[in-house]
Amino acid sequence: MKVFIVGTGLIGGSFALDLKAEVSNVEVYGIDESEQHLEEALKAGLIDHKAEFEDLAKADLVYLAIPVDASLQILPKVLDIVNDDCVVTDAGSTKEQLCLKVADHPRRRNYLAGHPIAGTEFSGPSAALHGLFKYKTNIICEIEKTAFKLQEKALEIFNAIGMRIRYMDPVSHDRHIAYVSHLSHISSFMLGKTVLEKEKNERDIFDLAGSGFASTVRLAKSSPEMWTPIFRQNKKNVMETLDEYISNLKHFRQLMEADNFEEVFQEMEKTNHIKDVLNGITQNENLKILENGK
Ligand SMILES: NC(=O)c1ccc[n+]([C@@H]2O[C@H](COP(=O)([O-])OP(=O)(O)OC[C@H]3O[C@@H](n4cnc5c(N)ncnc54)[C@H](O)[C@@H]3O)[C@@H](O)[C@H]2O)c1
Ligand SMILES: O=C(O)C(=O)C[C@]1(C(=O)O)C=C[C@@H](O)C=C1
């Protein structure tokens with residue numbers, strides 16, 4: 001099977017690594033606008049060959065892992081060029097605009113909209129990780145719009161690399177993801193900014209900050225090239241989540257100003273419920289491991 005990875009960074013590179021480990025007879029081709037990334041990906045063994053856009057005509061599967069604004073431009077052109085038996089899927093963090101963009105494309109049935117809920121704050125081929133997708137959710141949108149045999153082909157691959165599948169419509173996807181992913185990145189970026197603006201002496205941050213600070217600003221290391229187009233595409237939902245978050249921050253401040261520490265306590269105690277929710281996720285993962293007998 002000839003798999004073409006368009007965008008050989010963290011996500012494309014990790015997908016390539018897992019494919020090579022878990023699927024037999026796979027040949028991985030890489031396409032990237034950065035010659036340096038392609039070279040790195042080749043050297044690191046993420047891809048077997050460098051390729052050009054025109055070579056997509058011989059692909060059996062195409063994985064688009066480029067920033068979401070670039071996907072809007074490139075997906076219709078990829079669909080124009082691939083053969084009838086090729087499935088084109090993607091990793092983009094937003095789904096509504098991309099699904100709309102190709103809604104009337106004559107090759108719409110070759111596309112399967114995806115979003116793996118797996119990643120890190122790092123980017124580029126050097127950030128690729130083997131096993132990144134294991135037991136992680138891949139959100140699939142509008143599966144009914146993909147040709148049945150191509151759904152089967154893609155799902156078989158996702159299954160082979162250990163992904164769990166969740167189906168969702170693109171509008172709900174973007175609304176939910178604004179809460180559980182996009183807002184946490186803005187919160188982390190702005191927490192980092194607040195501290196950097198005040199603590200001018202970097203040595204102080206280094207000496208005084210503990211793992212609490214490090215874990216809450218981890219996402220502030222993420223790539224602006226990836227995140228700016230995500231915020232642009234999901235602006236409406238992200239603005240709503242920001243309004244709610246800002247209102248919660250203001251409320252917390254008002255409680256403190258009024259010396260109402262009983263309610264401050266209650267606010268935190270209520271939010272401790274997040275432990276049960278996240279424990280549920282861990283239990284699900286453990287269950288999955290048991291089910292798979294691993
Ligand atoms: N980073 C994460 O945690 C994460 C998780 C899930 C989904 N995603 C999504 O996956 C996609 C890729 O993210 P990533 O973290 O791998 O980014 P990355 O920066 O690590 O890799 C992107 C690669 O695409 C290349 N590229 C950019 N524009 C291009 C174009 N027009 N044509 C060809 N190549 C191009 C870059 O040179 C780079 O090698 C994004 O759509 C992102 O929203 C990211
Ligand atoms: O764990 C991280 O570092 C991530 O940022 C991964 C993360 C997220 O959970 O928000 C980031 C963007 C994606 O679209 C999906 C996953």
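The values are calculated or read from the model by the stated rules, or taken from the named source; none is laboratory data. Keep in mind that this is a model prediction, so the values were computed, not measured. Note that we place each Cβ from the backbone using ideal geometry, even for glycine, and neighbour counts take in every protein chain shown. Calculation scope for accessible area: heavy atoms of the full protein, side chains included, ligands and nucleic acids excluded. Shrake-Rupley method; radii C 1.70, N 1.55, O 1.52, S 1.80 Å.
Key figures
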item: Number of positions in region 201-236 that are in contact (Cβ under 8 Å) with a residue 24 or more places away in the chain and outside any helix (DSSP H, G or I); result: 4
item: Region 169-200, subset basic (K, R) and in a helix (DSSP H, G or I), residue surrounded by the most Cβ atoms within 10 Å (Cβ to Cβ); result: R175
item: Filter pass, G12 being of a type outside the set (F, W, Y), over 26 Å from N83 (Cβ atoms) and in the same structural domain as L64 (by TED's automatic domain parsing); result: no
item: Qualifying residue in region 118-126 (condition: within 14 Å of ligand 2 (Cβ to nearest atom) and of a type in the set (A, V, I, L, M)); result: yes
item: Hits in region 230-254 (condition: under 27 Å from the mean Cα position of the chain (by Cα) and either among the aromatic types (F, W, Y) or modelled with pLDDT under 95 (or both)); result: F231, Y245
item: Residue that is open to solvent by less than 80 Å² (accessible area, probe 1.4 Å), in contact with a strand residue (DSSP E or B) (Cβ under 6 Å, 6 or more places away or on another chain) and either in the same structural domain as N25 (by TED's automatic domain parsing) or within 14 Å of ligand 2 (Cβ to nearest atom) (or both), where the choices are A160, A154; result: A154
item: Residue match in region 237-256 (condition: open to solvent by 90 Å² or more (accessible area, probe 1.4 Å) and touching a residue at least 12 places away in the same chain (Cβ under 8 Å)); result: no
item: Residues of region 113-149 classified as more than 15 Å from ligand 1 (Cβ to nearest atom), open to solvent by less than 50 Å² (accessible area, probe 1.4 Å) and under 18 Å from G92 (Cβ atoms), total; result: 3
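Every residue, every condition in (1) without any contact (Cβ under 8 Å) to a residue 60 or more places away in the chain; (2) open to solvent by less than 10 Å² (accessible area, probe 1.4 Å), yes or no:
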position	(1), (2)
G12	no, yes
S34	yes, no
V62	yes, yes
D69	no, no
A91	no, no
K101	yes, no
